[in-house]
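First up is the structure itself, then whatever we jot down about it.
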């Protein structure tokens with residue numbers, strides 16, 4: 001049954017990939033959505049079955065087939081359902097289904113073959129992602145890991161005729177690959193250390209050791225695994241692909257680069273919580289990188305002008321929070337934030353998609369404005385999402401983010417807490433900057449202002465026609481927006497902390513999966529601190545929103561003045577700290593030069609070709625020489641025979 | 001009484017004469033004749049050894065050698081005839097078509 | 001003993017003359033003489049069967065064949081230098097002869113060396129030779145039966161080959 005969860009979308013992929021182009025759009029879209037919705041249903045059933053078991057025994061393992069048996073090493077294709085993967089599959093299938101439905105409307109202007117191609121990729125992605133989270137060992141997980149990377153490439157470069165899209169796809173895949181290299185090394189080291197790559201087996205083996213004091217073997221393994229996570233989940237230093245990935249269709253950004261694929265790294269750490277908690281050195285690195293990434297991305301997002309870029313950097317930033325949580329040992333909190341973030345980030349992306357769709361392809365914030373009245377559904381759902389991500393109390397984001405910050409502080413990482421709080425401020429600020437620039441104020445877009453149709457320059461899906469006014473999200477899209485908005489409000493309540501009267505059921509549910517060391521504990525005693533910190537977070541969120549109101553609602557000129565005063569800083573931020581340029585100069589160009597000049601021209605052409613051609617020439621040359629023996633004169637041949645005989649006889653006589 | 005060595009020496013001399021003939025002569029037929037001389041020299045060796053060892057094998061091998069020589073002579077002469085038709089000459093140096 | 005030297009001398013002399021003659025017909029005739037001498041030597045070695053076969057097959061059949069061919073081709077005397085094609089670069093006759101002589105002498109020397117170098121007592125030609133045709137026949141058809149059959153195939157091949165090679169260009173008929 002577990003296999004079915006991943007199999008259904010895979011079947012959807014097969015159908016759409018093979019005959020999809022001949023099907024009508026309704027049919028191919030319908031098949032894809034049905035596949036994933038069915039998968040969601042099966043997942044729900046499976047989770048119910050899981051819940052029926054006692055908390056300590058909540059594990060369902062299904063061995064599909066035996067894959068590798070070599071000597072003492074064994075890796076089977078096994079699927080595992082436990083609380084952690086239960087959360088993940090529900091998120092993937094649930095939010096995935098919503099996004100599939102949304103896509104049927106968003107991608108409607110594509111031709112039938114392209115439409116089918118899109119949905120086949122989307123289904124394939126879902127299948128791989130489910131495989132990733134359901135895998136019971138590193139091998140199955142890695143299949144999913146690579147698979148989602150592949151689908152990410154395919155989907156980012158969906159409009160591959162556009163060079164920037166094709167480049168973005170390539171960049172994503174290559175950067176991911178670098179991370180994957182680290183990941184594989186980690187897995188291999190893990191195998192040499194423990195002889196197995198099964199998650200539960202490893203956890204059991206590791207539990208017998210004490211946590212490492214210094215940077216030892218476990219730390220190395222976990223660090224390498226984390227490198228893979230930085231690639232997949234867009235942390236420093238491998239985050240550079242995510243902003244570029246916005247070239248893909250917006251639903252893709254919502255699904256892959258907000259809710260699911262990028263969370264794979266967080267999930268991986270959660271899955272190996274026992275292993276990681278035995279390597280405190282690595283955890284420190286994880287936390288620091290998470291916090292640094294969160295802050296850095298927040299600063300960049302503040303000055304971006306493309307609506308999707310802001311959201312992309314926001315995703316990087318929020319992922320940073322998740323890694324911060326993992327790094328301080330609050331594994332449950334990290335997963336909690338993953339879950340709430342899926343809701344509101346997907347909502348925000350889909351909302352921005354509705355905006356882009358309505359404006360016929362416009363993505364620049366400076367050309368938007370005043371859409372609030374024309375796109376009400378989009379506006380209100382978007383607002384809810386923004387409130388959630390900013391950490392306004394009462395909505396989902398507040399609970400999860402707050403849990404992370406509390407744990408960070410409580411586990412003694414006050415500096416990181418400060419970074420986290422600053423990032424919260426920035427999050428509220430840039431998020432509401434986006435809301436105000438896009439929806440409030442004077443309409444700056446020709447379509448919204450003069451109500452004339454415009455030509456689409458950025459969105460190759462083609463121009464939509466707007467007879468009079470803009471059209472708000474069509475039903476398929478609106479449905480997804482509304483459901484996600486509700487989720488953004490309510491989803492957090494299952495993680496309601498003790499301090500506010502809840503029992504944090506999510507964390508309790510997850511505890512058997514995570515089984516981390518006592519790093520998780522000790523929160524019950526600190527309810528006072530928790531409340532105090534919650535208060536601080538709320539204040540910060542309010543401050544952020546207030547600043548946004550001041551700069552972007554009331555007094556736009558002030559914002560420009562500030563930008564002017566700090567022009568240098570502004571430029572640095574706008575250019576994303578020039579990281580891409582630095583990478584290009586430091587890594588890409590040298591490699592390219594070495595490859596082109598060194599390896600290609602010198603090694604390949606001169607040495608290898610030289611050797612091969614040289615052999616040919618030598619043989620030819622020898623042939624040239626030897627052919628002179630063919631004098632054609634019979635006598636010469638006879639002479640040579642006889643001389644040979646004489647010589648041979650002489651030789652033997654001599655001996 | 002002649003010893004084995006006598007016969008062997010005689011055979012060696014005849015063989016050398018045949019070799020020289022093959023090399024020196026410029027008439028294809030004479031070359032073939034020289035080859036026959038060589039073959040005969042070998043025959044002599046075989047018979048001598050056969051006699052010394054007291055077995056019939058020497059003579060039997062001679063039998064075969066003669067057969068082969070006959071066949072070879074026949075085919076060789078046929079080739080000579082064919083070549084002669086081509087160039088009207090029996091000089092081996094005229095036939096250099098296999099030159100590079 | 002005397003007979004041996006007699007026959008040996010005839011054989012060597014005739015052979016030398018074979019390769020020294022200009023006229024190929026004379027060469028053939030001298031070779032026949034050589035064969036005759038060898039035949040005598042075979043008789044001395046108590047191998048009458050081989051001796052007789054030598055005369056019948058070699059002198060009688062093969063040499064006659066040679067004669068036929070020589071006469072058929074109206075083989076001219078050995079070409080002189082001027083008759084050769086222009087532009088064909090050959091070593092001069094003199095040098096060729098010298099080289100050939102050297103070659104032959106080298107060969108002889110080596111072979112003599114072989115014979116003399118074996119430090120054993122000279123083996124006398126004594127004892128019973130196998131002169132009975134019956135014994136030869138029996139050995140031939142039992143121990144050497146396979147080579148015997150193969151030689152028959154060989155002769156067939158030679159037969160077909162020589163016919164094919166020697167026939168005229170027109171292709172049909174012989």
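Read-outs: derived from the displayed coordinates by stated rules, not from any lab. What you are looking at is a predicted structure, and each value in this text was computed from that prediction instead of being measured. Reconstructed Cβ throughout: ideal geometry from the backbone, glycine too, with neighbour counts over all protein chains shown.
Mind grabbing the base-10 log of I(q)/I(0) for region A:233-365 at q = 0.13, 0.16, 0.17, 0.19 Å⁻¹? Debye formula, identical points on the C-alpha positions, no solvent, two decimal places.
-0.51, -0.73, -0.81, -0.98
If we sort A:376-385, A:81-90, A:618-627 on the protection proxy, mean other Cβ atoms within 10 Å, highest first, what's the order?
My ranking of the peptides, most packed first, is A:81-90, A:376-385, A:618-627.
Obtain the radius of gyration and the Kirkwood radius of region A:333-413 from its C-alpha atoms and give Rg over Rh.
Ratio value, two decimals: 1.12.
Quick one, what does Rg over Rh come out to for region A:241-296 if you take C-alpha atoms and the Kirkwood Rh?
1.08
Work out how much length residue A:624 to residue A:601 would gain on full extension: take 0.36 nm times their residue separation and subtract the Cα-Cα distance, in nm to one decimal.
So the chain would gain 5.3 nm between residue A:624 and residue A:601.
Below 8 Å, C-alpha to C-alpha, sequence gap of six or more: please give me the relative contact order for chain A in percent.
12
Could you give the length gained by full extension between residue A:611 and residue A:570, i.e. 0.36 nm per residue of separation minus their alpha carbon distance, to one decimal place?
Extra length available between residue A:611 and residue A:570 comes to 9.2 nm.
What is the Cα coordinate range of region B:4-94 on the first, second and third principal axes, sorted by size from largest, in whole angstrom?
51, 23, 10
If you build the Cα gyration tensor of region B:40-85 and take the root of 5 times each eigenvalue, what three semi-axes come out, in whole angstrom, biggest first?
Ellipsoid half-lengths, sorted descending, are 31, 9, 4 Å.
Could you tell me what % of all Cα pairs in region A:42-200 have separations over 28 Å?
Value for region A:42-200: 34 percent of Cα pairs lie more than 28 Å apart.
Relative contact order of region A:323-395, please, whole-number percent, based on alpha carbon pairs below 8 angstrom and at least 6 residues apart.
So the answer I get is 34 percent.
Give me the angle, in degrees from 0 to 90, between the Cα long axis of helix A:610-627 and the longest principal axis of the Cα atoms of chain A, rounded to the nearest 10.
Helix A:610-627 sits roughly 20 degrees off the main axis of chain A.
In whole Å, what three semi-axes, largest first, describe the equivalent ellipsoid of region A:144-247 built from its Cα gyration tensor (square root of 5 times each eigenvalue)?
34, 13, 9
At residue A:161 and residue A:471, where each label point lies 7 Å from the Cα along Cα→Cβ, what is the point-to-point distance in nanometres?
2.3
Using a Förster distance of 56 angstrom, determine the FRET efficiency expected from the C-beta separation of residue A:215 and residue A:549, and round it to 0.05.
It comes out at approximately 0.75.
Taking each pair of distinct Cα atoms in the protein assembly as shown once, what is the resulting Kirkwood hydrodynamic radius in Å?
35.8
With a cut-off of 20 Å, note down the residues of region A:1-42 whose backbone N falls inside the zone around a label point 7 Å from the Cα of residue A:59 toward its beta carbon.
A:1-3, by backbone N distance to the label point.
According to the square roots a ≥ b ≥ c of the eigenvalues of the Cα gyration tensor, what is the shape class of region A:283-421, taking rounded for a/c under 1.5, prolate for a/b larger than b/c otherwise, and oblate for the remainder?
Here region A:283-421 falls in the prolate category.
Quick check: convex hull of the Cα atoms in region A:584-652, volume per residue, rounded to a whole Å³?
Looking at region A:584-652, the number lands at 93 Å³ per residue.
Relative contact order of chain B: what whole-number percent is it, with Cα pairs under 8 angstrom and at least 6 residues apart?
Computed over chain B, the figure is 27 percent.
Please compute the Kirkwood hydrodynamic radius of region A:529-607 from all pairs of different C-alpha atoms, in Å with one decimal.
Result for region A:529-607 stands at 17.2 Å.
Helix A:475-490 versus the longest principal axis of chain A: what angle, 0 to 90°, nearest 10, using Cα atoms?
The two axes meet at around 70 degrees.
Helix A:331-358 against the longest principal axis of chain A: what's the angle in degrees, Cα atoms only, rounded to the nearest 10?
90
Between residue A:594 and residue A:18, what length in nm is gained on full extension when 0.36 nm per residue of separation is reduced by their alpha carbon distance?
Between residue A:594 and residue A:18, full extension yields 203.2 nm more.
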